[in-house]
Amino acid sequence: MAITVKFFANFREVTGKGQERVEETKNVASLLDELVSRFGERLAEQLYSPGTRKLRGEVNIFVNGKGIGLLQKLNTPLKDGDVVAIFPPVAGGKLTPDELKRYSRQIIIPGLGKRGQLKLKRAHVFVAGLGGLGSPSSIYLVVAGVGHLKIIDEQQVDLTNLNRQVLHWENDVGRSKAESAVKKLLGMNPNVKVDSKLKRITPENINKLIKGADVVVDGMDNYPMRYLLNEACVHNHIPFVHGAVEGFVGQMMTILPGEGPCLKCAIPQEPPKKPVFPVLGATPGVVGCLQATEAIKLITGVGEPLVGRMLIFDGRNMTFNEFRVEQNPSCPVCGKLIR
Ligand SMILES: [Zn+2]
């Protein structure tokens, strides 16, 4: 006897497989036990409410195309040839008891509330790059409950990354950053969906990659890529949270296409390149956290976004300054969007 189990979305990430064959099992409950024994506690975290063997309300299991809720739930018997599909907790229409508790300290923030939390749950954020900026920004987006995070990086973890790229640890050296990041992020919050891609962002794939995103976060380390993201975000009317660092200094600005200047208005020429730029890990830590804050504000509608203002953080003197940026009517990227 053999049963085919198909995994979708996060379950694919956790198991590293699209499907699995299980011989001889009585029912759905015993099948899940078998899968947890094969794939470990991370699968259990995705399937069950914390500390229990009670299926999370948001997990959907289908046997031969029928939801087990309509069959005999976990006692649904299984026989040779059955196909079981397991879908992850997806961003749904309400907050679960676990989520209400998990996010309780931020739900009580005036202006955020359950409505804001639900907006976060339904949100889709694209984080471009999983280095010094992408590490803290994706961590804080995930723990805040952003329902769908898409992360991308083409590189492998190198020892020289570890002074600042806090998603990647000693034993990740040599592993892909995308793989290393998704493990840590889902370990922090299994309620969210994290799609990771080991890929280079190019002019050809950028529009497809950011499609459907509510916010794009700049975690790049070079201006050609930032300009590419800026242009694609302006073109697709997606808010873009720019960030950059060097040494003790960081900068950030939020681009709301059609509502203010873009990155090209603020920095028309690419600054001189350095083969290796110096950076203290805490600097992108500060800027990445600020970027996550901006993304969360944009999604929930709380506060004033950093539009038309370039914020400069100087850790050496411990100062925050900002300068106004005007939209350039002849900007090659956003000039046509001037209202
Ligand atoms: Zn512009």
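Checking G51 against (1) under 23 Å from the mean Cα position of the chain (by Cα); (2) surrounded by fewer than 12 Cβ atoms within 10 Å (Cβ to Cβ); (3) on the phi > 0 side of the Ramachandran plot: exactly one of these is not met. Which one?
That leaves (1) as the condition not met.
Go through the stretch 222-248 and report how many residues are surrounded by fewer than 18 Cβ atoms within 10 Å (Cβ to Cβ) and more than 15 Å from the ligand (Cβ to nearest atom).
Residues flagged as surrounded by fewer than 18 Cβ atoms within 10 Å (Cβ to Cβ) and more than 15 Å from the ligand (Cβ to nearest atom) within the stretch 222-248 amount to 5.
Give the stretch 199-209 a look and list any residue that's modelled with pLDDT of 95 or more and either outside any loop (DSSP other than H, G, I, E, B) or surrounded by 12 or more Cβ atoms within 10 Å (Cβ to Cβ) (or both), or say none.
Start the filter on the stretch 199-209 by keeping residues that are modelled with pLDDT of 95 or more, which leaves 200-209.
I201, N205, I206, N207, K208, L209 - these are the residues of the stretch 199-209 that are modelled with pLDDT of 95 or more and either outside any loop (DSSP other than H, G, I, E, B) or surrounded by 12 or more Cβ atoms within 10 Å (Cβ to Cβ) (or both).
Please go through the stretch 280-317 and pick out each residue that is out of contact with any strand residue (DSSP E or B) (no Cβ under 9 Å at 6 or more places or on another chain) and either of a type in the set (F, W, Y) or at pLDDT below 95 (or both).
T300, G301, V302, G303, E304
Does the stretch 257-266 include one or more residues that are in contact (Cβ under 8 Å) with a residue 12 or more places away in the chain and more than 10 Å from the ligand (Cβ to nearest atom)? Working first, answer last.
The first filter runs over the stretch 257-266 and keeps only residues in contact (Cβ under 8 Å) with a residue 12 or more places away in the chain, leaving 257-266.
Retained after the next criterion (residues that are more than 10 Å from the ligand (Cβ to nearest atom)): 258-259.
The answer is yes, given that some residue of the stretch 257-266 is in contact (Cβ under 8 Å) with a residue 12 or more places away in the chain and more than 10 Å from the ligand (Cβ to nearest atom).
Look through V216, V234 and report the one residue that is touching a residue at least 60 places away in the same chain (Cβ under 8 Å) and either of a type in the set (S, T, Y) or assigned to a strand (DSSP E or B) (or both). If you could, list the steps in order and put the result at the bottom.
Details: V234 fails: either of a type in the set (S, T, Y) or assigned to a strand (DSSP E or B) (or both).
Step by step, each of V216, V234 is checked, and only V216 is touching a residue at least 60 places away in the same chain (Cβ under 8 Å) and either of a type in the set (S, T, Y) or assigned to a strand (DSSP E or B) (or both).
Please verify whether the stretch 297-307 includes one or more residues that are crowded, with 23+ Cβ neighbours inside 10 Å, assigned to a helix (DSSP H, G or I), among the aliphatic types (A, V, I, L, M) and within 16 Å of the ligand (Cβ to nearest atom).
no
Starting from residues that are part of a helix (DSSP H, G or I) and hydroxyl-bearing (S, T, Y), keep the ones in the stretch 2-56 and report whichever is nearest to N191 (Cα to Cα).
T15
Tell me, yes or no, whether the stretch 249-256 has at least one residue that is on the phi > 0 side of the Ramachandran plot and more than 18 Å from the chain's Cα centre (by Cα).
The answer is no, given that none of the residues of the stretch 249-256 is on the phi > 0 side of the Ramachandran plot and more than 18 Å from the chain's Cα centre (by Cα).
How about the stretch 63-106: which of its residues are modelled with pLDDT under 75, surrounded by 16 or more Cβ atoms within 10 Å (Cβ to Cβ) and in a strand (DSSP E or B)?
Hit for the stretch 63-106 is F87, nothing else.
Which of the residues spanning the stretch 147-196 are hydrophobic (A, V, I, L, M, F, W, C), in a loop (DSSP other than H, G, I, E, B) and within 29 Å of L47 (Cα to Cα)?
V166, L167, W169, V192
Within the stretch 278-296, can you find the residues that are under 26 Å from the mean Cα position of the chain (by Cα) and surrounded by fewer than 13 Cβ atoms within 10 Å (Cβ to Cβ)?
None - no residue of the stretch 278-296 is under 26 Å from the mean Cα position of the chain (by Cα) and surrounded by fewer than 13 Cβ atoms within 10 Å (Cβ to Cβ), so the list stays empty.
Return the total of residues in the stretch 308-326 being more than 16 Å from the ligand (Cβ to nearest atom) and at positive phi.
1
Answer yes if at least one residue in the stretch 209-217 is within 16 Å of the ligand (Cβ to nearest atom), within 16 Å of the chain's Cα centre (by Cα) and in the same structural domain as P136 (by TED's automatic domain parsing), and no otherwise.
Checked the stretch 209-217: at least one residue is within 16 Å of the ligand (Cβ to nearest atom), within 16 Å of the chain's Cα centre (by Cα) and in the same structural domain as P136 (by TED's automatic domain parsing).
Could you identify the single residue in P271, P284, P329 that is more than 16 Å from the ligand (Cβ to nearest atom) and part of a loop (DSSP other than H, G, I, E, B)?
P271
Can you confirm whether K336 is part of a helix (DSSP H, G or I) and within 14 Å of the ligand (Cβ to nearest atom)?
Working: part of a helix (DSSP H, G or I): yes; within 14 Å of the ligand (Cβ to nearest atom): yes.
The answer is yes for K336.
From the list L263, L209, L290, L256, which residue is in contact with a helix residue (DSSP H, G or I) (Cβ under 6 Å, 6 or more places away or on another chain) and among the hydrophobic types (A, V, I, L, M, F, W, C)?
Selected residue: L263, the only one of L263, L209, L290, L256 that is in contact with a helix residue (DSSP H, G or I) (Cβ under 6 Å, 6 or more places away or on another chain) and among the hydrophobic types (A, V, I, L, M, F, W, C).
The values are calculated or read from the model by the stated rules, or taken from the named source; none is laboratory data. These figures come from a predicted structure and were not determined experimentally. Neighbour counts are summed over all protein chains in view; Cβ atoms, including those assigned to glycine, are modelled from backbone coordinates with ideal geometry.
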